[in-house]
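The structure under discussion appears below in the form of structure tokens.
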Amino acid sequence: MSYKEQADVFKNVFKLKYEPMAISFTNEEISSGRYEKTSICKAMKLVSQGESFIIDQNVSTCPGGSQYCGFIEPHTGKKKRSLQNFLTKGEKLTSSIVSFERMRTLTSPPATDLADRIVLCPLDKAEIRPDMILFLCNAEQACRLITLDTYWDGKSPEQQIIGALCHSAIVYTIISGNTNMSVGDWTARSHQGFEADVIFLSVPYERIHNLIAAIPHCSAGDAEVHIPEEFQSD
């Protein structure tokens with residue numbers, strides 16, 4: 001099944017409002033996509049609306065996003081002190097430098113030096129194999145996708161719901177190999193204008209084939225529900 005066919009399945013079965021996104025960390029040269037100054041979270045918003053982006057250290061404008069996505073080394077010393085002050089006194093997203101450190105360390109590490117660039121594009125425009133698919137969906141769509149993702153093995157993935165949007169929606173799944181459901185961080189949501197009901201659901205690409213294969217077999221897909229007589233209410 002081609003990437004376009006996979007995208008069509010998702011859009012038709014789940015009536016997605018936003019494009020399912022193919023995200024790849026790569027050292028290959030890619031020519032298709034906007035190459036311009038932007039933040040990862042802004043690119044995510046625009047890709048969900050049909051745009052494509054190629055992002056590397058030279059065009060990534062968010063220091064946090066550059067760190068989490070592996071373009072620069074994790075902050076230490078004065079840079080870390082500045083970041084601590086910004087998150088606790090500026091953005092006011094966490095109560096203290098201790099709670100910030102817990103949030104930073106009790107999850108997967110950043111993707112330090114993983115790749116030269118990240119390609120973000122609608123799945124139906126993907127030129128290279130995605131590492132993961134990111135869905136911007138509502139709660140019902142997320143429920144159905146997770147049910148299908150776990151249909152064959154019944155194993156609930158470990159979740160990382162808090163932290164920077166680029167970390168929880170992209171990097172955590174890239175590093176851990178887990179499907180993840182996140183609400184992102186408040187700053188990214190408000191600054192980029194993500195709609196109030198949007199949930200970020202990240203699925204490793206290696207799980208996508210089985211997820212799609214479950215659709216005709218699972219009621220979260222398009223299988224018909226049959227209720228035995230003994231379970232039917234009077």
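The values are calculated or read from the model by the stated rules, or taken from the named source; none is laboratory data. Because the structure is predicted, anything quoted here is derived from the model rather than measured. A quick note on method: Cβ atoms are made from the backbone with ideal geometry, for glycine too, and the neighbour counts reach across all protein chains shown. We work out accessible area using only protein heavy atoms, side chains counted, and drop any ligands, DNA or RNA first. Shrake-Rupley method; radii C 1.70, N 1.55, O 1.52, S 1.80 Å.
Along each principal axis of its Cα atoms, how long is the stretch 20-144 end to end? Whole angstroms, biggest number first, please.
43, 37, 22
Of the listed values [x] 16.7, 48; [y] 19.1, 58; [z] 18.8, 69, grab the one calculated as Rg and Dmax of the Cα atoms in Å from the structure here.
[z]
In deg cm²/dmol and to the nearest 500, what is the mean residue ellipticity at 222 nm of the chain if only DSSP H runs of at least 4 residues count, each as -39500 (n - 2.57), divided by the residue total?
On the way: 9 runs with 74 residues, N = 234.
The per-residue figure over the chain is -8500 deg cm²/dmol.
Do any GluC sites (Glu not before Pro) in the stretch 184-234 lie in a loop, going by DSSP, with at most 14 other beta-carbon atoms within 10 Å of their beta carbon, and if so which? Don't jump to the answer; show the numbers that get you there.
Working: sites: Glu195, Glu206, Glu224, Glu229, Glu230; in loops: Glu195, Glu224.
In loop regions of the stretch 184-234 (DSSP not H, G, I, E or B), the sparsely surrounded GluC sites (Glu not before Pro) are Glu195, Glu224.
Assuming R0 = 30 Å, can you tell me the calculated FRET efficiency for the pair Leu46 and Lys79, based on Cβ-Cβ distance, to the nearest 0.05?
Working: r = 28 Å, r/R0 = 0.95.
Using R0 = 30 Å, I get an efficiency of 0.60.
Mind checking Rg over Rh on the stretch 125-234, alpha carbons, Kirkwood formula for Rh? Working shown, then result.
Values: Rg = 16.1 Å, Rh = 15.3 Å.
A ratio of 1.05.
Using a 1.4 angstrom probe on heavy atoms only, work out the carbon and sulfur share of the accessible area of the chain in %.
Details: 6210 of 12170 Å².
About 51 percent, which is the carbon plus sulfur part of the accessible surface.
Along the stretch 164-171, what does the Karplus equation 6.51 cos²θ - 1.76 cosθ + 1.60 (θ = phi - 60°) give for ³J(HN,Hα), rounded to whole Hz, x for Gly and Pro?
With the stated coefficients, the stretch 164-171 comes to 4, 4, 5, 6, 6, 8, 10, 5 Hz.
For Glu206 paired with Thr112, estimate the spin-label separation in nm (one decimal), with each label point 7 Å from Cα along the Cα-to-Cβ line.
A separation of 2.4 nm, rounded to one decimal place.
Can you compute the charge dipole magnitude of the chain about its Cα centre, using +1 on each Lys and Arg Cβ and -1 on each Asp and Glu Cβ, nothing else charged? Give it in debye, rounded to the nearest 20.
Details: 23 positive and 29 negative charges, 286 e Å.
Value, rounded to 20: 1380 debye.
Translational diffusion coefficient, Stokes-Einstein: compute it for the stretch 81-162 using the Kirkwood radius over C-alpha pairs as Rh, at 10 °C and 1.306 mPa s, and state it as an integer in µm² s⁻¹.
Estimated via Stokes-Einstein, D reaches 96 µm²/s.
Along the Cα→Cβ direction, 7 angstrom out, place labels at His191 and Arg129. What is the inter-label distance in nm?
3.4
Around Arg117, which amide H atoms from residues at least 5 apart in sequence, or from another chain, sit under 5 Å from its own amide H, with H modelled in the peptide plane?
Placed amide hydrogens put Thr26 under 5 Å from Arg117.
Can you give the extra length, in nm with one decimal, that the chain gains between Asn27 and Asp8 once fully stretched, where that is 0.36 nm per residue apart less the Cα-Cα distance?
Details: separation 19, 0.36 × 19 = 6.84 nm, distance 2.80 nm.
Answer, rounded to one decimal: 4.0 nm.
At 1.4 Å probe size, what's the solvent-accessible area of Ile174? Round to the nearest 10 Å².
Solvent-accessible area, nearest 10 Å²: 40 Å².
Using R₀ = 25 Å, calculate the FRET efficiency as 1/(1 + (r/R₀)^6) where r is the Cβ-Cβ separation of Phe86 and Lys37; round to 0.05.
Numbers: r = 20 Å, r/R0 = 0.81.
The calculated FRET efficiency here is 0.80.
Which value, in Å² rounded to 10, gives the accessible area of Lys92 with a 1.4 Å probe and all protein chains present?
Surface open to solvent at Lys92 totals about 150 Å².
Return the Rg/Rh ratio of the stretch 58-129 with Cα-based radii and a Kirkwood Rh.
Using only Cα positions, Rg/Rh for the stretch 58-129 is 1.06.
Alpha carbon centre of the stretch 148-224 versus the stretch 55-111: separation in Å?
If you average the Cα positions of each part, the centres end up 23 Å apart.
Solvent-accessible area per residue for the stretch 82-180 at a 1.4 Å probe radius, Å²? All intermediate terms of the calculation are to be shown ahead of the outcome.
Working: 4760 Å² over 99 residues.
Result: 48 Å² of accessible area for each residue.
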